[in-house]
C-alpha cells in the first residue's frame, strides 16, 4: 500500500502552527511523496505517521471528550468530524483547544491513508476550505 501525504497549506499564522506543533511547508504549495509499506494502517496510525512526517509535534491519539488532567499536552490530538467506511475527516489540534488542521483520510481493505490536508487561516475561519470539509467543525 502506498501512503501519500500532502503538505499542509501555509495559511495558518506561525504562532498557531507553533502552538499546535504543526508546520506549514511553503506558500499554498501542495506536494506529495510516496512511501511503501506492507502494513494496513488504522486511522490513528495514519494520522500519527502524517504528524511525524511533518517533522514536529507528536500525535497523542483521540482527543478526550471531557477535561482529563492526566492527558498529555505536548502534541496534537484528533477528533472525528465525519466518518464513513471509505472516508474520514479528522480535526487536529492541541488538546483542549481549537482544531488547527484538518485531514481527509481514505480507507479500504489496505488500511487508511491521509489523502488531503487543510490548515485553517485562523480560528473558526474556513476560508478556502476544500469541499470534503464539513461545514461546522468541532473543537479539539
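Using 0.36 nm per residue and subtracting the Cα-Cα separation, the extra length available between residue 84 and residue 131 on full extension is 15.3 nm. Working from label points 7 Å from Cα in the Cα-to-Cβ sense, the residue 96 to residue 65 distance is 1.9 nm. Shape analysis of region 78-135 places it in the prolate category; the axes a ≥ b ≥ c from the Cα gyration tensor give an a/c of at least 1.5, with a/b above b/c. The residue 73 and residue 53 beta-carbon pair, evaluated with R₀ = 30 Å, returns a calculated FRET efficiency of approximately 0.85.
The relative contact order of region 70-140, computed from alpha carbon pairs under 8 Å that lie at least 6 residues apart in sequence, is 30 percent.
Read-outs: derived from the displayed coordinates by stated rules, not from any lab. These numbers come from a predicted model, not from an experiment. Every residue, glycine as well, gets a Cβ built from its backbone with ideal geometry; the counts of neighbours run over all protein chains shown.
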